[in-house]
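One structure is given here, and the rest of the page talks about it.
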Amino acid sequence: MQGRPCSPAVVLLKWKSTFDPGDSKPMAEEARDDGAEGWRHWRLTRDLDDVAWLTIDQQGERANTLGTAVVTELDAAVTALEQQPARGLVLSSGKAGSFIAGADIREFDATDDAAALRAQVERVHALFERFAILPFPKASAIDGACLGGGLELALCCDWRVAADNEATRIGFPEVNLGIYPGFGGSGRSLRVAGAVEAMKLMLTGRLLSAPEARRAGLIDAVSDRHGSLRWHARRAVLSGRKHRGPGVIARMASIRPARKLLARQMRKQTASKARPEHYPGPYRLIDAFEQHGGSVAAMIRAEAENVPELLVGATSTHLRRVYRLMERLKAEGKRSDFKARRVHVVGAGVMGGDIAAWCALRGLDVTLQDREAKYVEPAIERAHKLFTRRLKRPAAVAAARARLRADVEGSGVERADVIIEAIFEDRDAKRSLFEGLRGRIGQHAIIATNTSAIPLADLADVLEEPERLIGLHFFNPVASMPLIEVVQDDATDPKRVADGASFATAIGKYAVAVTATPGFLVNRVLLPYMRAAMHLHREGIPKEALDAAAEQFGMPVGPVELIDTVGLDVGLEVMTTLLGTDGDAETTEDRQLLEAMVQDGKLGKKSGEGFYIWKKDKPEKDRQAADGHDLDALAQAIIDPFLDECQACLNDGVVEDADLLDAGLIFGTGFAPFRGGPLWYRQQQQAEAHHE
C-alpha cells in the first residue's frame with residue numbers, strides 16, 4: 001500500500017452500448033486510451049454522458065481483495081479522476097458474484113511492526129478520503145461479497161445499490177480476525193447507518209443480505225437483475241442522489257451521554273460471548289466509540305492507533321491462523337466433483353432427524369426413515385422450527401418443509417445420492433440395517449454411517465462393496481456444530497472419502513478426514529478431558545469450578561456441562577467403545593458413576609438432569625461454587641490430558657497432519673480459537689518455556 005504511480009491514466013474500452021427500457025438514453029463507453037499501460041486490477045472508463053465507470057477485476061484471483069497492488073492502482077485511478085473530473089462515477093466489480101471481499105488477509109502477516117502497519121493504514125485512510133471528496137456524485141453497484149475494506153470503500157460513495165441474490169453479503173467480519181474495521185469503516189458506518197446498527201454489525205461480524213443491508217441503512221436500493229443494478233447506479237449519479245442517513249433518533253445515539261450508556265451495554269453483551277483478555281478487538285472498538293463516536297474523523301484516527309496494535313497481537317495472529325485452516329478445509333471439500341440432490345437418512349432420533357433437517361435447510365430433497373411414523377413426526381416438527389428460525393421468509397420456509405418427507409417404507413433409498421445411517425449406537429443393529437440395503441443403492445451414491453466410535457470394518461463387510469462405506473460423523477447440535485468427520489480405513493475407496501468431503505462442504509460444513517480408530521478424532525480427545533473433570537469432581541472440586549476454569553481458558557463450555565449436553569448415555573457408550581469393559585480402578589469408577597446415573601434416568605440435558613439440573617435448556621449453576629479455587633491450575637489439570645491425546649492422535653495417524661488436527665479440534669470442540677489450535681498452543685507454550 002505504498003506510494004502512487006507517476007503517470008495517472010484512464011483505461012477506455014471499445015465502443016459498446018446497452019439500452020435499458022426505463023431510460024431514454026443508451027449507455028456507451030468511449031474508445032480512447034489515455035495511457036494506462038500496466039494496470040492489471042482496475043479499469044476506468046467513461047460513457048457518452050461523461051459518467052466514469054471504475055471497475056475492479058483483480059487479475060489471477062477468484063475474488064477481489066484490497067492488497068497492496070490493488071490499492072496502488074486505485075490511487076492512480078483517483079489521481080486520474082482528480083485531474084479530469086467526471087459528471088459522476090459508478091464503482092463496480094468485473095467479477096460476477098464478487099464485489100470486494102475485503103483486505104488481502106495474506107498481507108497481514110508480512111510484518112509484525114505496528115508502526116509500519118500504522119503508516120500503511122494512514123495511507124489507505126488518505127486515499128479513501130480523496131476518493132470520498134471527489135467533486136461529483138459517486139454510486140456503488142454491489143454484486144456479491146462486499147466485506148470489510150470493500151464495504152469501507154463503498155461507504156465513501158454517496159449512494160449504494162446491491163443485487164438481491166445469494167452471493168451478495170454485506171458486512172464487517174473483521175472481529176473474526178481479532179480486529180475491527182480499519183479503512184475508515186468504523187467512522188463512516190456510524191454516519192451512514194447510525195450508532196446502534198453500525199456498532200452491532202461491527203461487534204458481531206454478522207453478514208447481511210441486500211434487503212437486510214437496506215433495512216440496516218448501509219445501502220439505498222436493492223436490484224434483482226444485474227443489468228438493472230448498473231442502471232440503478234448510473235441513474236443515481238446522473239440525478240445526484242445521496243444517502244439519507246439515519247433518522248434523528250438514531251443520530252442522537254452518537255451524542256456523548258448516549259454513547260456512554262450504549263458503551264456500557266455493549267461491553268456487557270460482548271462479555272457474555274468473549275472475554276476482553278482473550279478478544280481485545282471488540283473492546284477497543286467500544287472504547288473508541290465511547291470516546292470519539294460523535295466524530296467520523298476522530299473514529300478514523302482511532303483506527304490508525306488501534307488496528308495495527310491489534311494486528312500484531314497474539315489474538316489476531318492466532319485467529320488469522322484459524323482463518324487459513326478454515327480455507328484449507330474448504331479446499332479439502334473441493335477435491336471431488338460429487339453433487340448431491342437427494343439424501344436419505346435412516347434413524348429419526350435427535351441426531352438423524354437433525355441431519356435430515358439440516359440437509360433440507362441447505363436445499364436438498366430429503367427422505368427420513370424410521371420404524372414407525374410416530375418416531376418420524378417429532379423430527380419433522382423440530383425441523384419446521386429450525387426452518388422458521390433460520391429462513392424467516394414464509395416462502396423459503398414452505399419450500400424447505402416440502403423438501404423434507406417422512407419415509408417409513410424407505411422408498412427413498414433407490415433414488416438417493418447420499419444415504420446416512422443414524423440409528424442408535426449398536427454394532428449389530430447397524431450391520432443388520434446395511435445388510436438390508438444390499439442391491440438397492442445406486443452405484444454413484446455415498447453410503448455413510450454416523451457412528452461416533454464404531455470402526456468401519458465392523459460394519460462394512462455386510463455390504464456388496466465394503467470399500468464404499470464411509471463415516472459421516474456429525475456433532476450435536478447439528479445446526480450449530482460446523483464440523484463433520486469423514487471416516488475412512490485402509491479398505492475405504494479414497495474417491496468415496498473425497499465425495500464425502502464434497503458433500504459436507506456442499507451443506508455448509510467443514511470436513512476433516514480421519515481414520516477409523518476407536519473414537520476417531522474429536523471423541524477420542526474429548527474423553528480424557530471429560531474424565532479428568534469427573535476425577536477432580538469425585539475428589540471434591542465443585543463442577544461449577546471445573547466449568548469456570550475451562551471457560552476462563554477459552555473453551556465454549558466446561559467439561560461437566562459438555563458431558564450433560566452430549567448425554568451421559570452417549571458418553572458411556574463412547575467410553576465403552578474406546579476403553580472396553582475392563583480397565584484400571586479410575587476407569588471402573590468413571591464407568592460405574594455413569595452407569596448409575598443412566599440407570600436412574602439422568603441422561604443430562606435431554607432428560608432434564610445429569611450432573612446439573614436443566615431448565616429451559618440451561619444448566620442451573622451455583623455461581624459462588626467456584627470462589628476460592630485456583631482456576632488457572634484447574635484449567636491446566638483438565639486441558640493437559642486434552643493436549644496429550646491430541647499429540648497421541650497425531651502420532652497414531654488419525655489425521656494427516658498437525659494443521660488438520662488443530663482445525664478439527666477448533667471446529668469440532670470449540671477449542672479456544674484465539675489460541676490457534678491445541679497443538680499450536682502447546683508448541684507456543686514449549687517455545688516460551690524454552691526462552692525462559
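Rule-based calculations on the coordinates, nothing more; no lab input. From a predicted model like this one, the values you see are computed outputs, not experimental measurements. Please note: Cβ atoms are built from the backbone with ideal geometry, for glycine as well, and neighbour counts cover all protein chains shown.
Some points to look at:
- For the chain, adding -39500 (n - 2.57) for each run of n ≥ 4 DSSP H residues and dividing by the number of residues yields -15000 deg cm²/dmol at 222 nm.
- Cross-link pairs beyond the 23 Å C-alpha cut-off, checked among Lys374/Lys618; Lys200/Lys615; Lys543/Lys615; Lys273/Lys621: Lys374/Lys618; Lys200/Lys615
- DSSP bridge pairs, the chain: antiparallel proportion in percent, nearest 5: 30
- Spin-label proximity, Glu620 to the stretch 509-547 - amide N less than 16 Å from point 7 Å beyond Cα toward beta carbon: 543-544
- Placed amide H near Val514: partners under 5 Å, 5+ positions off or other chain: Val486, Val487, Gln488
- The stretch 601-650: GluC sites (Glu not before Pro) falling in loop per DSSP and having at most 16 other Cβ within 10 Å: Glu620
- What the Cβ-Cβ distance of Asp287 and Asn651 gives, at R0 = 45 Å and to the nearest 0.05, is a FRET efficiency of 0.50.
- Taking only alpha carbon atoms, the chain gives an Rg to Rh ratio of 1.00, where Rh is the Kirkwood radius.
- Fraction of antiparallel bridges per DSSP, the stretch 16-312 only, in percent to nearest 5: 35
- Highest average packing first - 494-502, 108-116, 580-588, Cβ atoms within 10 Å: 494-502, 108-116, 580-588
- Estimated FRET transfer efficiency (Arg341, Glu372; beta-carbon r; R0 22 Å; 0.05): 0.20
- Inter-site label distance for Glu381 and Arg206 at 7 Å from Cα along Cβ, in nm: 2.9
- Inter-site label distance for Ile249 and Ser228 at 7 Å from Cα along Cβ, in nm: 3.1
- Paramagnetic reach from Arg215 in the stretch 182-206 [backbone N under 19 Å; point 7 Å along Cα→Cβ]: 193-206
- Thr587-Asp458 FRET efficiency (beta carbon distance; Förster radius 30 Å; 0.05 resolution): 0.85
- Spatially, the stretch 648-692 and the stretch 448-517 are offset by 23 Å when compared through their Cα centroids.
- Under Karplus coefficients 6.51, -1.76 and 1.60, residue-wise ³J(HN,Hα) of the stretch 119-132 in Hz, glycine/proline x: 4, 5, 4, 5, 5, 5, 4, 5, 5, 5, 5, 4, 5, 4
- Annotation note: GluC sites (Glu not before Pro) in the stretch 103-166 located in DSSP loop regions with a Cβ neighbour count of at most 14 within 10 Å are Glu166.
- Summed side-chain charge close to Lys242 - residues other than Lys242 whose Cβ falls under 13 Å, Lys, Arg +1, Asp, Glu -1: +3
- Extension gain from Val408 to Ala314, taking 0.36 nm per residue of separation minus the Cα-Cα distance: 28.5 nm
- Spin-label model, Val557 to Gln684: label points 7 Å out along the Cα-to-beta-carbon direction sit 2.6 nm apart.
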